[in-house]
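First the structure, in the form of structure tokens, and then the observations on it.
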Amino acid sequence: MSEPGRIVAGILSPHPPHLIYASNPPQNEPRSSRAGAWNGLLDGYEKLRAELARHEFDVLVAHTPHWKTRTGHHFLGVPHFEGKSVDPIFPNLFQYNFALDIDVELSEAIHDEAAAAGLSTRMMRNPEFRVDYGTITSCHLVHPAWDKPVVAISSARTAFDYSNEAGDQEMLALGRATRRAIEASGRRALCLASNSLSHRHFTSEPEDPEDPSFEHVYNENQSAWDRHILGLMKAGETRRIFDEMPDFTEQCVAETKDGCLSWLLAAMDFPPLPATVHGYGTVIGTGNAVVSWDLDSARTEASA
Amino acid sequence: MSAAAGELLGGYLMPYQPLPVLAPEANAGWASLAANAARIRAEIEASGADLLLLFSTRWVSIIGHQMQADPKPEWWVVDEDFHEFGTLHYSLRMDAEFATAYRDAARARGLHARTVAYQGFPIDVGTITTLKLLNPDNRIAASVVSCNAYSDRAETLVLGKAAADAVRASGRKAIAIGVSALSNRMFSRWIDPAQDRIHSQKDDEWNRKLLELLAEGRLEDVSQLAREFSRQANGDSRMKAIWWLAATLGQHNQYTGTVFDYQPVWGTGAAMVGLQPAEAGSGDLEYDEDDAEFFRGDRNVLVSQSDDES
């Protein structure tokens with residue numbers, strides 16, 4: 001490819017398997033009641049997909065909290081995976097038969113850039129590896145056609161082993177490495193941060209998991225923090241989000257601890273661009289937002 | 001279920017890391033763990049046990065406590081970190097009837113509990129590793145309970161007591177096994193396996209202190225010390241496996257303790273310990289931690305305040 005590559009859009013694409021369950025796609029074995037507990041988020045994903053339909057892209061690059069690696073940052077390095085993914089936490093909701101292609105060339109390029117930046121990295125070459133349900137869920141909800149290859153990046157546990165600040169600094173380096181590799185590759189990429197915002201779950205679920213009368217945020221603290229972060233996103237204050245990330249993560253039990261959102265912001269190079277919040281809702285008490293930074297449209301407007 | 005009262009014959013602590021199974025040749029310590037597991041296996045086979053009851057820190061749950069009830073789970077797992085060392089294929093024998101009994105006993109003590117039996121369910125690496133080492137031919141049926149991400153000490157104790165309830169009611173002769181590391185700080189970079197060591201001297205010293213107590217049969221003392229150990233040595237999952245094991249076996253220090261092995265696995269403290277009930281033990285000391293018999297739900301402090309105001 002001769003044209004320089006670019007990130008077409010950065011997307012916060014949370015991965016509750018409940019959303020797959022509620023959608024009843026043919027790949028997932030359990031059937032939902034469609035009682036409607038998560039319609040706000042499903043509508044949000046629908047709006048996101050409509051926005052993305054206006055853009056061309058070659059690859060989805062996902063950073064996932066559910067491939068948890070403690071030996072650095074790992075990358076899928078096998079051209080094709082297929083199998084069955086059963087969520088160990090919500091197995092009653094998610095038994096998904098997956099088949100996906102990997103953009104191994106881009107995966108290796110990001111790996112090499114990250115290694116050159118001093119990060120601990122590893123390519124995953126075992127063909128029997130079961131792709132994590134965070135990658136599957138986010139990619140499915142963003143682009144259910146599965147006709148584009150994927151790059152999946154694990155969540156290194158630096159924040160858990162050391163500190164939120166240390167984790168975010170690694171994600172800063174990883175995000176920048178991702179950006180450099182995408183630009184050098186000529187690919188037009190969607191970058192997906194597959195995490196919730198507030199992430200304290202209820203530890204029980206109703207008889208119908210989709211019962212809307214059960215669903216609400218875990219507590220007001222979580223809700224207030226989520227609103228604050230969403231406000232910063234809408235205001236285009238991406239750098240401030242990154243600066244506040246360690247406190248958000250700590251005080252909101254946020255899934256940002258897994259690094260996905262910090263990675264995404266760094267990959268986009270902290271654009272001062274108001275994000276579009278397509279939907280916000282809770283899933284078993286956790287706060288989830290479908291958000292996009294439409295970088296391609298911003299480029300077009302800037303050049304007009 | 002058998003009409004005869006069941007009993008707990010003893011307990012073990014086993015490490016969760018798969019490397020002693022996947023690559024024992026890569027490190028002398030990993031090979032040592034695999035070799036010493038054979039001593040435990042022989043001890044278990046001689047005990048007359050008909051149930052291996054596991055609590056694995058690698059099976060994390062959110063919705064209460066999950067009991068594996070697929071009588072023959074068959075699949076494979078590739079470790080998230082150690083994928084290049086190969087694949088763990090498994091075919092296990094689970095005691096589905098006991099899983100149901102355990103679930104009911106947990107519910108009777110106020111816990112949210114459910115059984116799971118799904119084709120392709122990913123049995124966790126800790127459970128697979130332990131059963132491959134201790135029960136490779138499935139001679140003894142097993143049962144596994146998850147480690148809830150949010151459960152505190154009190155809830156974990158109640159889960160352990162429910163396990164004992166279920167064993168007694170079921171007529172099983174059970175061995176309780178906590179699957180957990182001691183210090184759980186891994187090297188966050190790739191290392192030469194031959195150069196593996198405990199991540200820090202501090203972790204090593206705390207591990208050895210805990211093992212000194214366990215060798216004296218002082219399981220309840222270790223349970224009381226677990227919070228401090230976790231703070232000081234990055235204990236695995238806040239040492240919930242120790243809380244569960246101590247509660248399941250009866251919350252005392254009357255054991256004969258045997259440290260079968262202690263080795264580093266990628267920086268973590270991997271210990272194999274046996275605890276057999278004994279007439280004379282170290283005696284009970286003064287305990288500071290609360291005890292709990294019944295689980296009364298999540299605290300939901302902020303939710304309660306909001307509700308009160310409305």
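Rule-based calculations on the coordinates, nothing more; no lab input. Here the structure is a predicted model, which means the values were calculated and not measured. Here the Cβ is made from the backbone with ideal geometry for all residues, glycine too, and neighbour counts use every protein chain on show.
Quick look at the values:
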read-out	value
Cα gyration tensor shape for the range A:142-285, rounded if a/c is under 1.5, else prolate or oblate	prolate
C-alpha center-to-center spacing [the range B:207-276, the range B:36-66] in angstrom	15
Selected from A:Ser262, A:Ser196, A:Ser23 as most flexible by GNM, with chain A as the system and alpha-carbon contacts under 10 Å	A:Ser23
log10 of Debye I(q)/I(0), alpha-carbon scatterers only, for the protein assembly as shown at 0.12 Å⁻¹	-1.25
Peptide B:57-68, shielding by other chains (average Cβ, 10 Å cutoff)	3
Shape of chain A, Cα gyration tensor, a/c cut at 1.5	rounded
Rounded, prolate or oblate (a/c below 1.5 giving rounded, otherwise prolate when a/b exceeds b/c) for chain B by Cα gyration tensor	rounded
Charge dipole of the protein assembly as shown about the Cα centre (unit charges at C-beta), most positive-ward option of A:Ala224, A:Thr238, A:Met171	A:Met171
Point-to-point label distance, A:Thr300-B:Arg227, nm (Cα→Cβ direction, 7 Å offset)	5.8
A:Gly236 long-range amide H proximity, modeled H, under 5 Å	A:Ala275
Loop-located trypsin sites (Lys or Arg not before Pro) in the range A:14-96, at most 14 other Cβ atoms within 10 Å (DSSP)	A:Arg31, A:Arg34, A:Arg54
Beta bridges by DSSP in chain B, antiparallel share as percent, to the nearest 5	45
Among beta bridges that DSSP assigns inside the protein assembly as shown, antiparallel share in %, nearest 5	45
Cleavage-rule hits, GluC sites (Glu not before Pro), the range A:22-80, DSSP coil, Cβ neighbours within 10 Å at most 11	A:Glu56
Residue mean of other protein chain beta carbons inside 10 Å, B:289-298	1
Neighbouring partner chain Cβ atoms per residue of B:76-87, average, 10 Å criterion	6
Rounded FRET efficiency, nearest 0.05, which uses the C-beta distance separating B:Asp192 from A:Trp146 and R0 of 45 Å	0.70
Exposure proxy ranking, count of Cβ atoms within 10 Å, fewest first, for B:Met14, B:Met94	B:Met94, B:Met14
Separation in nanometres of the label points that stand 7 Å from Cα toward Cβ, at B:Asp288 and B:Ala28	4.0
Cα-Cα over 23 Å, subset of B:Lys202/B:Lys240; B:Lys132/B:Lys209; B:Lys72/B:Lys161; A:Lys47/A:Lys68; A:Lys68/A:Lys257; B:Lys161/B:Lys240	B:Lys132/B:Lys209; B:Lys72/B:Lys161; A:Lys47/A:Lys68
Computed helical MRE - 222 nm, chain A, DSSP H runs ≥ 4 contributing -39500 (n - 2.57), nearest 500	-11500 deg cm²/dmol
Ordering of A:144-155, A:72-83 by burial proxy (mean other Cβ atoms within 10 Å per residue, highest first)	A:144-155, A:72-83
For peptides B:67-78, B:137-148, sequence by mean Cβ density within 10 Å, most packed first	B:137-148, B:67-78
Sorted peptide list for A:221-230, A:183-192, criterion being average Cβ within 10 angstrom, highest first	A:183-192, A:221-230
Estimated FRET transfer efficiency (A:Ala184, A:His55; beta-carbon r; R0 22 Å; 0.05)	0.60
Projected label distance in nm at B:Glu205 and B:Arg107, using a 7 Å step from Cα toward the beta-carbon	5.0
